[in-house]
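The values are calculated or read from the model by the stated rules, or taken from the named source; none is laboratory data. Computed from a predicted structure; not experimentally measured. Cβ: placed from backbone, ideal geometry, glycine included. Neighbour counts: every protein chain shown.
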Amino acid sequence: SAEVDHVLVNRGKAKGVVLAGGEEIYGKLVVSNADVKRTFLKLVEEKELPDIFLRRVKNFKIRGSSGKVNIALDSLPEFPALPKDSPVYRGDMHFTDSI
């Protein structure tokens, strides 16, 4: 675990990251788990982004919050108020193609 200082961009593509300590790490793909504004306004230099995209990121409204917890269990948990075959025992994923 290390703090990322900024994303390395070459010819419009993310190529790696520079860590807070100065170490450069390169890869085929760079993925951010930070929010949209932090990723594109703090970790990527504005000059690397198209004007329309940058404007949309700046105007993007962050509403509410969310959290994530990963827990490893050897079986499904049992809840007294739910039958064992309840449809609420499922995962949920959200994808977006643009902001």
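One line per residue, one yes/no per condition, for (1) modelled with pLDDT of 70 or more; (2) not basic (Lys, Arg):
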position	(1), (2)
Ile52	yes, yes
Ser65	yes, yes
Ile71	yes, yes
Ala81	yes, yes
Ser86	yes, yes
Arg90	no, no
Phe95	no, yes
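Among the residues of the stretch 30-88, those identified as under 21 Å from Asp5 (Cβ atoms) and among the hydroxyl-bearing types (Ser, Thr, Tyr) are Ser32, Thr39.
Would you mind stating whether Ile62 is in contact (Cβ under 8 Å) with a residue 24 or more places away in the chain and part of a loop (DSSP other than H, G, I, E, B)?
yes
Conditions tested, residue by residue: (1) surrounded by 10 or more Cβ atoms within 10 Å (Cβ to Cβ); (2) over 14 Å from the mean Cα position of the chain (by Cα); (3) closer than 19 Å to Leu8 by Cβ.
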residue	(1), (2), (3)
Tyr26	yes, yes, yes
Asp35	yes, no, no
Leu43	yes, no, yes
Pro83	no, yes, no
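Pick from Val31, Val69, Val57, Val88: which is part of a loop (DSSP other than H, G, I, E, B), of a type outside the set (S, T, N, Q) and within 26 Å of Asn10 (Cα to Cα)?
Details: Val69 fails: within 26 Å of Asn10 (Cα to Cα); Val57 fails: part of a loop (DSSP other than H, G, I, E, B); Val88 fails: within 26 Å of Asn10 (Cα to Cα).
Criteria check complete, one pass: Val31.
Residue count for the stretch 45-54, restricted to those that are surrounded by 12 or more Cβ atoms within 10 Å (Cβ to Cβ) and assigned to a helix (DSSP H, G or I): 3. Search the stretch 67-79 for residues that are touching a residue at least 12 places away in the same chain (Cβ under 8 Å) and over 26 Å from Asn33 (Cβ atoms) and pair each with any residue that is surrounded by 10 or more Cβ atoms within 10 Å (Cβ to Cβ) and among the aliphatic types (A, V, I, L, M) when their beta-carbon atoms are under 9 Å apart and the residues are at least 6 apart or on different chains. Within 9 Å, no pair qualifies.
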